[in-house]
1. Would you list Arg227, Arg247 from fewest to most Cβ contacts within 10 Å?
2. Which of these, Pro208, Pro80, Pro233, has the largest mean-square fluctuation under a Gaussian network model of the chain (Cα springs below 10 Å)?
3. Which is farthest toward the positive dipole end of the chain among Val165, Ile201, His11, measuring Cα position about the Cα centre, with Cβ charges +1 (Lys, Arg) and -1 (Asp, Glu)?
4. Which listed residue (Leu32, Ala83, Val224) has the Cα farthest towards the positive end of the charge dipole for region 5-265, taking +1 on Lys and Arg C-beta and -1 on Asp and Glu C-beta about the Cα centre?
5. Pick out, from Ala62, Ile2, Ile239, the residue whose Cα sits farthest towards the positive end of the charge dipole of the chain, with +1 on the Cβ of Lys and Arg and -1 on the Cβ of Asp and Glu.
6. Between beta-carbons, use under 12 Å as the cut-off and find the net charge around Gln91, counting Lys and Arg +1, Asp and Glu -1.
7. Top mean-square fluctuation among Leu131, Leu162, Leu17, Gaussian network model of the chain, C-alpha springs under 10 Å?
8. How do Phe260, Phe169 rank when sorted from fewest to most other Cβ atoms within 10 Å of their own Cβ?
Amino acid sequence: MIDYLIDSHCHIQSIGLDDDPTGLLWSSKGSLSQPAVIKASLQKGVKIMIVVGCTLKDSSLAIQLANDYSCVLPAIGIHPHEAINFLSLDQFKQFEDLIDDSVIAIGECGLDYFYNYSDLSLQKKLLIWQLQLAKKYKLPLIFHVRQAFSDFWSIIKDFLPLKAVIHSFTDDKKNLFQAIDNDFMVGINGIATFMKSSQEIEMLKAIPLDHLILETDSPYLTPVPYRGTINIPKNVFYITEYLSNLRQENFDLIRHQTSFNAIKLFNLKGV
Ligand SMILES: [Zn+2]
């Protein structure tokens, strides 16, 4: 049995920066430091933290943090919100140049039609380019998809089979089963702890345990009962506890299987 948790999606690489590249919340929380956040998470049994890039700079920060901590592993990506800021050939080249042996995945990438910060055609172009990179470098993908599943499925069908997770999954059972049919993992975070409708609860219960991975998406989406505080990777513990009660599955079993799934998806060696 695997006796530790994995936070498969967090953004702790920008803690403490004045010019936080993604406009995250860390900068407003001056008391947090990377060593303290990582230490607290390790103490709560979260042995591996996957830091996920949203911009060019954010992705390079992810790689830097992973250089400093063996428990931190980097994924690099350009978020769909950023498509409007990521247009030059030079940026594409700089991004590809970041890929080295330490990088475990491409992401987060995808489509976001909820906020629509970037033009749809730019979002699609950026996703397709990152799909091509993932294929070229044989890396799994971390997808962000919000209110855009119909376009998303039609784009990715040309790239299947793929190793991937749909992170922060909150959609319906139809899209859940489509993800499972593609053998994708489903990433669940603190949102689960405040899902209330019967449809949402049924969806959470319907995720097959062998396709479930856990994440915090820190600093966002703090789980109950810590709403109102900033989210850090240690809180993956409380998400596990919540799912254990909701799904009537043993905590140790969820911890084992979700860590096993993440190790398999991201091809983690020696953990
Ligand atoms: Zn994220």
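1. Details: Arg227 12, Arg247 17.
The order, fewest Cβ neighbours first, is Arg227, Arg247.
2. Among Pro208, Pro80, Pro233, the largest GNM mean-square fluctuation belongs to Pro208.
3. With unit charges placed on the Cβ atoms, the residue in question is Ile201.
4. It is Val224, whose Cα lies furthest towards the positive end.
5. Farthest towards the positive pole: Ile2.
6. So the environment of Gln91 carries a net charge of -2.
7. Leu17
8. Ranked by crowding around the Cβ, least crowded first: Phe260, Phe169.
Values in this text are rule-based calculations from the coordinates and carry no lab data. The structure displayed is predicted, hence computed values, not measured ones. Virtual Cβ from ideal backbone geometry, glycine too; neighbours counted across all protein chains shown.
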